């Protein structure tokens, strides 16, 4: 099945989920975020609930898991419908891998290329700093143009090593920006 005939809604979900990951690094529309030097952590895991809005679509109470290793990786798994995982993404210092299970597509690109294409000054450290907020369970609001997200954390665990699994089904179609 070609990407052109897929539902527009599924493509918007992919783009909104992907932008949610990269919105954290948009310092040109927000005050500058300093890396999380004030927090002494190496690992962070949290359950989260997100509200995501993009032009023409809005998702409330999307559940997910956020895992981070300081200065190394951000891993997000989001479940939008009936608790089934719909999106999984991994951002490292140099790459972005995202798997959209609903649309059976994946994206695997260099971080710099993705940042340039979306006109975002993206770094892993800025992304981690914004996603951490104040290191508490206070909600975090992110906005970039018409895209908005509100993230609420629960069950935050610090310094418990974890894995960042990402598997791409052979039948999935590669998506290009």
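Read-outs throughout are calculated quantities, based only on the coordinates presented, and are distinct from any laboratory measurement. The structure presented is a predicted model; accordingly, all values stated were derived computationally and were not measured. Note that we place each Cβ from the backbone using ideal geometry, even for glycine, and neighbour counts take in every protein chain shown.
Numbers for the structure displayed
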| item | result |
| --- | --- |
| As computed over the range 37-177, the Cα convex hull volume per residue (Å³) | 118 Å³ |
| Burial ranking of peptide ranges 96-104, 124-132 (average Cβ count within 10 Å, highest at the top) | 124-132, 96-104 |
| Per-peptide average of other Cβ atoms within 10 Å, ordering 161-168, 87-94 highest first | 87-94, 161-168 |
